[in-house]
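Some notes on the structure that comes next.
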Amino acid sequence: MRLPLYQVDAFTGRVFGGNPAAVCPLERWLEDSTMQSIAAENNLSETAFLVRAGDGYDIRWFTPVQEVDLCGHATLASGFVVFHYLDPMAPAVVFRSKSGPLAVTRAGERLCLDFPARPPIPCPRAPEIEVALGRAPRAVLRAPRDYLAVFESEGDVRTLAPSMERVAALDALGVIATAPGRDVDFVSRFFAPRAGVPEDPVTGSAHCTLVPYWSSRLGRKKLRALQISRRGGELWCEDRGERVLICGRAVRYLEGAIEV
């Protein structure tokens, strides 16, 4: 079977930046094991699979080792593929997912994701997180999926060198590390070795937690953010209550086909 495959760098305006995602449009769903094998072969943090459904698409996301319930950068990449290849005249597209409907709209050179908010709540002091990250945060909060570790400065987040084995042992998919930014409202990094992604270059879904936290802390609805991984990514965000808007650019790296 020959299938189209696109690789898109999301949350960046340049190739080799942001977070690379594979997007594989399908006529019908493959076996879960086959999609997982394709994702493992791609060896990117996420591979998105799309099946047309009415005037939108069903979407599923796989890391190299498991399916996940929400992914931002691969949804941004999927919107890019729809707008450039599958439906070039569409001003917006809605993806149906395990986390509900997710809209992607054009906004000039950016694409904007309409995602569910996942605000964090305070949790008891967790020394195992301090040990896993190698530095004590000023606060630890818990979101439905991840821990949020808040640090004093951007430099604290940049210099983190976590023990991935200890992070993987925590009772969460991953850990978001964040701090106020020097030139932006906030910065972050995201570690998810349990999902086969030791450090994710840019994590749209983590901003479902970061945006409500920083919006409340800073008293502003519109925020600019950087994810300060090695590749780096830039995001423009807005707190809309039960939803968050997460915007960024995307660029094509690869267009081709795979044989399975």
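Just so it is clear, none of the values below were taken in a lab; they were calculated from the coordinates. Bear in mind that the values here come from a model prediction, so they are computed numbers and not experimental data. Positions of Cβ are backbone-derived with ideal geometry, glycine not excepted, and every protein chain shown enters the neighbour counts.
Annotations
- Judged by the gyration tensor of its Cα atoms, with axes a ≥ b ≥ c, the stretch 1-42 is prolate; a/c meets the 1.5 cut and a/b is the larger of a/b and b/c.
- For the chain, Cys with no neighbouring Cys Cβ under 4.7 Å: Cys24, Cys71, Cys123, Cys208, Cys237
- With Cα atoms as the point set, the radius of gyration and Dmax of the stretch 88-141 evaluate to 18.4, 52 Å.
- Take every Cα pair under 8 Å whose residues are at least 6 apart in sequence, average their separation, divide by the length of the chain, and the relative contact order is 24 percent.
- Two-decimal Rg to Rh for the stretch 121-241 - Kirkwood Rh, Cα set: 0.93
- Label zone at Arg52, where the point sits 7 Å out along the Cα-to-Cβ direction: the stretch 1-38 residues whose backbone N lies under 12 Å: 26-28
- Theoretical gain in end-to-end length, Glu109 to Glu165 [0.36 nm per residue, Cα-Cα removed]: 16.2 nm
- Relative compactness, the stretch 1-91, computed as alpha-carbon Rg over 2.2 N^0.38 Å: 1.02
- Anisotropy class of the stretch 116-177 from Cα gyration tensor, a/c 1.5 cut: oblate
- Placed amide H near Leu148: partners under 5 Å, 5+ positions off or other chain: Leu141, Arg142, Ala143, Ile176
- Ordered by the number of other Cβ atoms lying within 10 Å of each residue's own Cβ, fewest first, Leu173, Leu235, Leu86 fall into the sequence Leu86, Leu173, Leu235.
- Förster radius 35 Å - calculated FRET efficiency between Leu254 and Arg217, Cβ distance, rounded to 0.05: 0.35
- Per-residue Cβ neighbour rank within 10 angstrom, fewest leading, Met164, Met1, Met89, Met35: Met89, Met1, Met164, Met35
- Among beta bridges identified by DSSP and lying wholly in the stretch 121-241, the antiparallel ones come to about 75 percent.
- Within the stretch 136-198, GluC sites (Glu not before Pro) in DSSP loop having at most 16 other beta-carbon neighbours inside 10 Å: Glu152
- Entry for the chain at q = 0.09, 0.15 Å⁻¹: log10 I(q)/I(0) = -0.36, -1.03, Debye formula applied to identical alpha-carbon scatterers, no solvent contribution.
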